[in-house]
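Take a look at the structure set out below.
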Protein chains: 2
Amino acid sequence: MSTSMEAPSDAASVSPERIMEVGLGFWASKTLLSAVEMELFTHLAGHPQDLETVRGRVGLHPRSARDFLDALVALGFLERTDGVYSNAPDTDLFLDKHKASYVGGILEMANVRLFKFWHTLTEGLRTGEPQNEGKGGGVPLFEELYADPARLKQFAAAMTGLSHGSNIEIAAKVPWADYETFADLGTAQGDTAVQVALANPHVTGIGFDLPEMAPIFEDHAEQNGLAQRLSFVPGDFFIDEFPPADVVVMGHILHDWNVEEKRALIEKAHAALPAGGALVVYDTIIDDDRSQNTFGLLMSLNMLIETEGGSDYTASDCMGWMRSAGFTSTRTEHLAGPDSMVVAIK
Amino acid sequence: MSTSMEAPSDAASVSPERIMEVGLGFWASKTLLSAVEMELFTHLAGHPQDLETVRGRVGLHPRSARDFLDALVALGFLERTDGVYSNAPDTDLFLDKHKASYVGGILEMANVRLFKFWHTLTEGLRTGEPQNEGKGGGVPLFEELYADPARLKQFAAAMTGLSHGSNIEIAAKVPWADYETFADLGTAQGDTAVQVALANPHVTGIGFDLPEMAPIFEDHAEQNGLAQRLSFVPGDFFIDEFPPADVVVMGHILHDWNVEEKRALIEKAHAALPAGGALVVYDTIIDDDRSQNTFGLLMSLNMLIETEGGSDYTASDCMGWMRSAGFTSTRTEHLAGPDSMVVAIK
């Protein structure tokens, strides 16, 4: 073999294919993001269509329409039978905007914001500085978001898309029979609160977030028939007291902040809880060996792009902070996808 | 299960994980591209290092250095033993710039150009217009490239990175014993010519490209000890006659052009070949069902981003054009990774 002229003898078993697949993986990624942006899966839900019909409805130029749809077929996100395109089971359930199970909000946000901010990842890695709206003296992400109701709602929906599967697991895996009240800190749209309340009819809960989030939270609770059992309390979790509750939940919150801020939030939760009360923290928690949860490690780089000092962390890191804050027992459990929770009992 | 409250009964078997993995797949992609940009794998080749040493040598800020390296561990591109980082077998062979087997040129180009151009894929899909340097009246890619020797060399090296594995296969799979001369059209750095000549000592070849490519081609031939058997002929393959040869090769050329231009190039090849001569076309050729070669379909979208009318195509498409041009027999064969060739005999 001519390969032996330039590579060690084990070269035959080593190929550059995975390097190319991942290195050019933004092609597949952006193709799916564009499909979400164009609401392709919403158009096709329940209405399989041929090329020309899809093209007209979605607004695709003839030049690349077929390549675009067939790339989505090859990626497994569409199916094609006798020239008629339809959604695959996952895109039909999770990317049709008319279904409550829609999780595309995070992908809409990735499409309009994160993709372009990640372009300067190298600069972020060299400087330690965020690469989003706040870069170079711009308005930091959260300030800008909370000042713009439409964008805030999009962001809140994006967060729901990222956490919905885990919220369902939390509703089942925390021993809610032992508790009557909870407070969900940084609740955003309130999907954690909604899923916990839906699955545990004896529980009442509070969603806590900055005041601008109130109408977004209240809409979501109302739409799920939970206006009686879920209420919104406005506040800043670094400044204001936490609302009293048997269980404090922080989902996809701690990774936004640096280690000192993380510890301060855990200490405030400890102070707010009754004896026997529980703190439930969940995030894309990194495995203790920091070698398996790829998505968690990449999410931590996303926190570099998005925040001043945030990062993801291991369950072992989190349990250490919890014990220092005075919690007596801690345990960790996998939720959905890349998410795990750590539960600490006071 | 609470999932039954909002999803059909088969929901348990359907998860959004692959949607999230692909939709946010640009995180993994850009992480690898940044590592290539920083020459991380070149630094580590033969010199495994701990976190602080890598950090200092590569120039990483402390904030996210560990997350960055551990994300590359989780992705399988680095290994870590007792806190010491080293290259994985594939990155050591293919992403160390000091090895002839380096294929990172295409990823360097993706990092500085394609990632940002793909950000406006949706606009490209809606308008059919390229999204690169030529967008909105800018200077088209090839004009700009050929006017800048440094960028032209980077582009040529990128093309070699994308085609090297297939060039080795072509050197083995075309029956070169039947032929004495070849002309490689759009030769760029000339890696196809080099691999064919290395593996087939009786063959002499011509690299044909615009005159600006001459020194780049001649360097590559010289470095491989082939200055005696490979020569460069300057020309524009749409304007000038093809150089006479027993075999005409077009590798990653036809997909740059629209169907009429593709057919014109195939017709010119037919006219230039002797009876019994062969035309060898290779590209990331799409499977005839247009449902399997994901990379080929995405490459075709990359041609939307990069060219006025280019697209990838199936072997069946290509054989049709070849038969129309007068070739008597055609066959297709897989090369490396996503590449296949179509061979036509006059």
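The values are calculated or read from the model by the stated rules, or taken from the named source; none is laboratory data. As the structure is a computational prediction, the values presented were derived from the model and not from experiment. All Cβ positions, even for glycine, are placed from backbone atoms using ideal geometry, and neighbour counts span all protein chains on display. Each accessible area value is taken on the protein alone, full model and side chains, heavy atoms only, with ligands, DNA and RNA left out. Shrake-Rupley method; radii C 1.70, N 1.55, O 1.52, S 1.80 Å.
General observations
- Qualifying residue in the range B:135-147 (condition: in a loop (DSSP other than H, G, I, E, B), buried (at least 19 other Cβ atoms within 10 Å of the Cβ) and not basic (Lys, Arg)): no
- Subset of the range A:179-212 (residues that are open to solvent by 50 Å² or more (accessible area, probe 1.4 Å), in contact with a strand residue (DSSP E or B) (Cβ under 8 Å, 6 or more places away or on another chain) and in contact (Cβ under 8 Å) with a residue 60 or more places away in the chain): A:180, A:210
- Residue B:111 satisfies every condition listed in (1) closer than 23 Å to residue B:308 by Cα; (2) polar (S, T, N, Q); (3) not in a helix (DSSP H, G or I) except (3).
- Qualifying positions in the range B:156-181 - over 15 Å from residue B:95 (Cα atoms), more than 12 Å from every other protein chain (Cβ to nearest Cβ) and among the small types (Gly, Ala, Ser): B:156, B:177
- Boolean, residue A:129 is within 13 Å of chain B (Cβ to nearest Cβ), among the acidic types (Asp, Glu) and under 30 Å from residue A:346 (Cα atoms): no
- Scanning the range B:16-52 for residues that are open to solvent by less than 60 Å² (accessible area, probe 1.4 Å) and in contact with a strand residue (DSSP E or B) (Cβ under 9 Å, 6 or more places away or on another chain) yields B:35, B:40, B:41, B:43, B:44, B:45, B:49, B:51.
- Among the residues of the range A:303-318, those that are more than 8 Å from every other protein chain (Cβ to nearest Cβ), more than 18 Å from residue B:80 (Cα to Cα) and not in a loop (DSSP other than H, G, I, E, B) comprise A:303, A:305, A:306, A:315, A:316, A:317, A:318.
- Flag for residue B:92 being within 10 Å of chain A (Cβ to nearest Cβ) and within 27 Å of the chain's Cα centre (by Cα): yes
- Of the residues making up the range B:287-302, those that are more than 7 Å from every other protein chain (Cβ to nearest Cβ) and open to solvent by less than 10 Å² (accessible area, probe 1.4 Å) number 2.
- The set of residues from the range A:213-230 being among the hydrophobic types (A, V, I, L, M, F, W, C), free of Cβ contacts under 8 Å to residues at least 24 places away in the same chain and either outside any loop (DSSP other than H, G, I, E, B) or crowded, with 20+ Cβ neighbours inside 10 Å (or both) comprises just one member, A:214.
- Cβ-Cβ under 6 Å pairs, at least 6 apart or on other chains, the range A:91-103 side touching a residue at least 60 places away in the same chain (Cβ under 8 Å), far side surrounded by fewer than 20 Cβ atoms within 10 Å (Cβ to Cβ) and among the charged types (D, E, K, R): A:101/B:6
- Residue list for the range B:319-346, restricted to those being open to solvent by less than 30 Å² (accessible area, probe 1.4 Å), out of contact with any Asp or Glu (no Cβ under 9 Å at 6 or more places or on another chain) and part of a strand (DSSP E or B): B:344
- Matching residues, the range B:52-86, being within 11 Å of another protein chain (Cβ to nearest Cβ), touching a residue at least 40 places away in the same chain (Cβ under 8 Å) and outside any loop (DSSP other than H, G, I, E, B): B:71, B:72
- Top-ranked residue of the range B:95-119 - restricted to ones that are facing chain A (nearest Cβ under 7 Å) and within 16 Å of residue B:191 (Cβ to Cβ), ranked as surrounded by the fewest Cβ atoms within 10 Å (Cβ to Cβ): B:100
- Criterion: assigned to a loop (DSSP other than H, G, I, E, B), away from chain B (no Cβ under 14 Å) and within 20 Å of residue A:319 (Cα to Cα) - qualifying residue of A:244, A:274: A:274
- Look at (1) of a type in the set (D, E, K, R); (2) modelled with pLDDT of 95 or more; (3) over 20 Å from residue B:285 (Cβ atoms) and you find that residue B:261 fails only one, number (3).
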